[in-house]
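One structure is given here, and the rest of the page talks about it.
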Amino acid sequence: MARPWDSLITVLSEITRENLGLIVCCSHCGNRHTYVKWGSYSRYLFNDELMNIQRYRCDNDLCPCVTFSILPHAFLPIIRSSLCMLMQVLKMYEQGRTIADIARYTGSNWPRMQRWISKALSIQKWLSQEYANASPCLLKDRRWTSFNRHFSWAFYPKRVR
């Protein structure tokens, strides 16, 4: 029988693969008309499978954003885990499980779980203020791009603006 963590990773990888064809618009100014494909980069899915992410250049002269990528659902900017994974780890931690136990359960290591818990706590606080406890964790619609933009502005303001 598969562990819930393994099932979560499988579902997230499938959702990410399914959501590659999102509407392309600049993540900063919202421009949908003047952009150019500008290379790509690889990112690992949650099951360690490689996936290509397309980068674009925004040609809007008024936009301070030079290049952007549209991350498919489940990917967060910069962080190498998903919102669902972070919230699941935080839930286990809040239920009293030790970091070492969570690391063993997820097949990860102690320092990573400590970082994830710390990040999840700050994200949870931000979500409660910005999204009234309605986590966009498994929403598979256009709001994911908007969520990622707000997430980037909140947690990485120097990289976005």
Could you work out how far helix 83-94 tilts from the main Cα principal axis of the chain, as a 0 to 90 degree angle to the nearest 10? 30 degrees
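At a Förster distance of 30 Å, what's the computed FRET efficiency of Ser122 paired with Glu14, Cβ-Cβ distance as r, to 0.05? Display every interim value, and only then the final one.
Values: r = 28 Å, r/R0 = 0.93.
Once rounded, the FRET efficiency stands at 0.60.
Checking the table Lys119/Lys158; Lys91/Lys125; Lys37/Lys119 against a 25 Å threshold on Cα-Cα, which pairs fail? Spell out each step's value before the answer.
Values: Lys119/Lys158 18 Å; Lys91/Lys125 14 Å; Lys37/Lys119 32 Å.
Pairs exceeding 25 Å: Lys37/Lys119.
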If you build a Gaussian network model of the chain, linking Cα atoms that sit under 10 Å apart, which residue out of His73, His150, His33 swings the most? His33
Evaluate the charge dipole of region 4-159 about its Cα centre and quote only its size in Debye, nearest 20, assuming +1 on the Cβ of each Lys and Arg and -1 on the Cβ of each Asp and Glu. 340 debye
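Length gain on complete extension for the stretch Arg55 to Asp6, per 0.36 nm per residue less the alpha carbon to alpha carbon distance?
On the way: separation 49, 0.36 × 49 = 17.64 nm, distance 2.98 nm.
My answer for the length gained is 14.7 nm.
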Highest mean first, how do 77-87, 120-130, 46-56 rank when packing is the count of other Cβ atoms within 10 Å averaged over residues? 77-87, 120-130, 46-56
Give the calculated FRET efficiency between Gln95 and Lys158 to the nearest 0.05, with a Förster radius of 45 Å applied to their Cβ-Cβ distance. 0.80
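When the helix-only estimate is applied to the chain (DSSP H runs of n ≥ 4, each -39,500 (n - 2.57), divided by the residue count), what is the mean residue ellipticity at 222 nm, nearest 500 deg cm²/dmol? Kindly include the intermediate steps, with their values, before the conclusion.
Numbers: 6 runs with 73 residues, N = 161.
Calculated from helices alone, the mean residue ellipticity at 222 nm is -14000 deg cm²/dmol.
Please compute the length gained on full extension between Arg43 and Gln114, using 0.36 nm multiplied by the number of residues separating them and subtracting their Cα-Cα distance. Let's see the in-between values first.
Working: separation 71, 0.36 × 71 = 25.56 nm, distance 2.23 nm.
Gain on stretching Arg43 to Gln114: 23.3 nm.
Every number here is computed from the coordinates shown, using simple stated rules; none is lab data. For clarity, every value in this text was computed on a predicted model and none was experimentally measured. Please note: Cβ atoms are built from the backbone with ideal geometry, for glycine as well, and neighbour counts cover all protein chains shown.
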